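K.L.:
So that we are looking at the same thing, I have put the structure below in structure tokens.
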Amino acid sequence: MKNLFFLLICIGTLAAPARAVELSLKSDRPIYEPGDNIQIFAEIYNDYPDTASIVLDVQISGGAGRIPGIKIPYSFLLAAEEGKTLAIYEAPVREDFPAGEYTVTVRLTVNNVLETEESLTFRVAGVLQELEVNIQLCADEECRQEARVFLVDRNVYFRYQSSVADVQVSGTLSYPNGNRERISLPAVLQFAEPGAYAVEIIASRPGYRTVNRQVQFSVIEKSANIPQHSSIREIKGPEWNRQAGKTVTVEGIFVRDPLPMLVSRLDWVLQNTPIPPEEYILLVGDKANEMNAEEHGGAKIKATGVATVIDDTMQFHAEIVALKLLEFQQIERVRKYAPDTTQINILLNPKPNRYAVLFSGGINPTYSYLRYWNDLKFMYSTLVNKYGFTDKTIAVLYANGKGKDKQMPVHYSATQANLVKVFNLLKQVSTKQDLIFVFTTNHGGGFYKKDPAKKYNVYGGQVDGNGDEGVESIYEKDYNLDLNGNGSKFDQVAWDEELFSWGGAIMDDAFPNLFQGLKYDKMIIIMEQCFSGGFIRDMAQAGTGKIIMTAATQYEVSWAMPPKYNYDEFNYHVTCGLNGADANGKKVNADSNKDKKVSMVEVFNYARSRDTASETPLYEDSGDGVPHAGKMPSKGDGTLGGKTFLK
């Protein structure tokens, strides 16, 4: 077998000594719904020869920070060889219980010495949905600029934005003298008295959680030296040069992943598509470097700074203008966004005749989110630890060729040229008895049908020019777009999708050539990127024997996984199913037929059943290029994957 890559930087592990006091956490079910009663138990057994002083410190996280009914801490004595079971968390699930994933963490201290820490995760579903509503205060009727300081006897425009329609909103206005007045939004008011004011709204809709929002603002007698209020769109728009050098104030959601920036909404970062340039602005300067994701990530920030022209092209690539931060104010934090690189143990247990290609482009430093490194590393550790792959049989292509830590080697930067190089190397060494495993993550480009505003439909890719996409249902008249550039908006067109690389993108049409001439018995392809379903038809053209799974259809975006957003949703569950454990080492079981091995169909069924994102995982292994959703086998797909195993 020929060497393909560099030597692996091994991460060894030392066997931990057995604990004298054992701790385990249990729940009666993994998912709770309204009417259920959440019960989490801690089982403790004292293997000491003497009585031990036990302290359990219980913490729970999740549900956007709103946790009902937690009880901490517990302190008691446990005799030698005595066991004890405690109900450490109990709560009834009502309609208003926050939905989402929760993690219970218990720290065990024995005789004043920290012994161990264990975690258990459960999910709450079927409860009231979250309602996102924001108050807008503007000095102009079109609300081109939001403001918090206004002049006496001038119009103040009160509005609100909601994530859903038909919201019932009631408002209360508080005056400097303490008086309060009911108002209806939208409203236009003037104020004769200077001072500090506040407006509070209560928003509700059937099926959603009622929310309260409050915004404070000031009224002054005459215009002082107040920074100009701008929007991200104004600073980053076509006339950005008019803003350059000016001190401006702008509002947005703070994100550091990995670069600090403000985005117009957090979903831009959670979905695996590049953010439109006018929807974010980078933050630079010493003040920006002080902001950390743990404290401010996901919070709405009012930032004041100087609109600065960027000349550091090596770091920021195509960025033109950024905000040199002078000061900021955190307005509210509805959702925490503080991803970090994860730690995975890497061992070696080599087995022959299996090769893997792990790919994450990331485009540039702005878009190369930390979760893409974690996606690759979790899969890398699974292939090495569980299935005997080695540094000689795995190629890692990541971003600019530099890893986030030393737990996983990076062999190449994630460019199209390097991907072609890797497959050319594979063509030299693979045989018809080999298994080839391909795993991709990061951003994808395509046509997004679900954008409710029909504002951002084209996220990359291009109109199909060679007819290989077949008949697709993109009707230009539905989007008022001339997609093929022929002057008409009444055509039906097909679309080519793309996988973003470092500094570019790889069209779906490139994959048949990539696979052409490659020898293998079976090829497993797992794709996380947005619009990944659009690659299936193309990849199926280059021969049979392929098992293909994608996180989303050809018209859908794919998403990061809450609550920590350290991984992408579908890929994470696929990797857990293959690994037999989650990233924290907690055992999972995708072996639905209990034959003590996990097939690719079982892995797909496990992942899709746990994927709660707004995406539709697809599966194809028949070779006809027509994928299917839902449980496999189905409609001709699943036969090959049902008898394919990595072991």
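K.L.:
Taking the conditions exactly as written (in contact (Cβ under 8 Å) with a residue 12 or more places away in the chain, open to solvent by 10 Å² or more (accessible area, probe 1.4 Å) and farther than 17 Å from Ala505 by Cα), does Asn353 satisfy them or not?
P.N.:
The answer is yes for Asn353.
K.L.:
Specify which of the listed residues (Ser61, Ser27) is closer than 23 Å to Val127 by Cβ, modelled with pLDDT of 90 or more and not β-branched (Val, Ile, Thr).
P.N.:
Selected residue: Ser27, the only one of Ser61, Ser27 that is closer than 23 Å to Val127 by Cβ, modelled with pLDDT of 90 or more and not β-branched (Val, Ile, Thr).
For (1) part of a helix (DSSP H, G or I); (2) modelled with pLDDT under 95, each residue gets a yes or a no:
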position: Ile547; (1), (2): no, no
position: Thr553; (1), (2): no, no
position: Lys564; (1), (2): no, yes
position: Phe570; (1), (2): yes, no
position: His573; (1), (2): yes, no
position: Cys576; (1), (2): yes, no
position: Gly585; (1), (2): no, yes
position: Lys596; (1), (2): no, yes
position: Val601; (1), (2): yes, no
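K.L.:
What are the pairs, 6+ residues apart or on separate chains, where a residue within the range 487-513 that is free of Cβ contacts under 8 Å to residues at least 24 places away in the same chain has its Cβ under 7 Å from a residue that is aromatic (Phe, Trp, Tyr)?
P.N.:
Gln492/Tyr475
K.L.:
Go through the residues of the range 427-440 one by one and say whether even a single one is in contact with a strand residue (DSSP E or B) (Cβ under 6 Å, 6 or more places away or on another chain), within 30 Å of Asp478 (Cα to Cα) and touching a residue at least 40 places away in the same chain (Cβ under 8 Å).
P.N.:
no
K.L.:
Do we have any residue at all in the range 124-139 that's surrounded by 15 or more Cβ atoms within 10 Å (Cβ to Cβ), under 27 Å from the mean Cα position of the chain (by Cα), farther than 30 Å from Asp28 by Cα and of a type in the set (Asp, Glu)?
P.N.:
Yes: the range 124-139 contains one or more residues that are surrounded by 15 or more Cβ atoms within 10 Å (Cβ to Cβ), under 27 Å from the mean Cα position of the chain (by Cα), farther than 30 Å from Asp28 by Cα and of a type in the set (Asp, Glu).
K.L.:
Let me ask something additional. Among the residues of the range 596-628, how many are over 25 Å from the mean Cα position of the chain (by Cα) and either of a type in the set (S, T, N, Q) or surrounded by 22 or more Cβ atoms within 10 Å (Cβ to Cβ) (or both)?
P.N.:
Within the range 596-628, residues that are over 25 Å from the mean Cα position of the chain (by Cα) and either of a type in the set (S, T, N, Q) or surrounded by 22 or more Cβ atoms within 10 Å (Cβ to Cβ) (or both) number 4.
K.L.:
For the range 507-530, state whether one or more residues are open to solvent by 30 Å² or more (accessible area, probe 1.4 Å), outside any strand (DSSP E or B) and within 24 Å of Tyr448 (Cα to Cα).
P.N.:
Checked the range 507-530: at least one residue is open to solvent by 30 Å² or more (accessible area, probe 1.4 Å), outside any strand (DSSP E or B) and within 24 Å of Tyr448 (Cα to Cα).
K.L.:
Checking the structure you have, find out if any residue of the range 75-94 is under 27 Å from the mean Cα position of the chain (by Cα) and at pLDDT 85 or above.
P.N.:
Looking for residues that are under 27 Å from the mean Cα position of the chain (by Cα) and at pLDDT 85 or above, one finds at least one in the range 75-94, hence yes.
Residue by residue, here is whether (1) outside any helix (DSSP H, G or I); (2) open to solvent by less than 40 Å² (accessible area, probe 1.4 Å) holds:
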position	(1), (2)
Ala417	no, no
Thr431	yes, no
Lys449	yes, no
Lys455	yes, no
Glu469	yes, yes
Asn484	yes, no
Gly487	yes, no
Phe490	yes, no
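K.L.:
Still on this structure, I have one more. When Glu498 is evaluated against the numbered criteria (1) more than 20 Å from Gly362 (Cα to Cα); (2) open to solvent by 10 Å² or more (accessible area, probe 1.4 Å); (3) modelled with pLDDT of 95 or more, which criterion, by number, is the only one it fails?
P.N.:
With (1) more than 20 Å from Gly362 (Cα to Cα); (2) open to solvent by 10 Å² or more (accessible area, probe 1.4 Å); (3) modelled with pLDDT of 95 or more applied to Glu498, the lone miss is (1).
K.L.:
Consider the range 573-601. How many of its residues are within 27 Å of Gly444 (Cβ to Cβ) and in contact with a helix residue (DSSP H, G or I) (Cβ under 7 Å, 6 or more places away or on another chain)?
P.N.:
14
K.L.:
Collect the residues in the range 616-631 that are hydrophobic (A, V, I, L, M, F, W, C) and either in contact with a Ser or Thr (Cβ under 7 Å, 6 or more places away or on another chain) or over 11 Å from Ile548 (Cα atoms) (or both), keeping them in residue-number order.
P.N.:
Leu618, Ala629
The values are calculated or read from the model by the stated rules, or taken from the named source; none is laboratory data. All figures in this text were calculated on a predicted structure; none of them were measured in a lab. All Cβ positions, glycine included, derive from the backbone under ideal geometry; neighbour counts span all protein chains shown. These area figures cover heavy atoms from the full protein model, side chains too; ligands, DNA and RNA do not enter into them. Shrake-Rupley method; radii C 1.70, N 1.55, O 1.52, S 1.80 Å.
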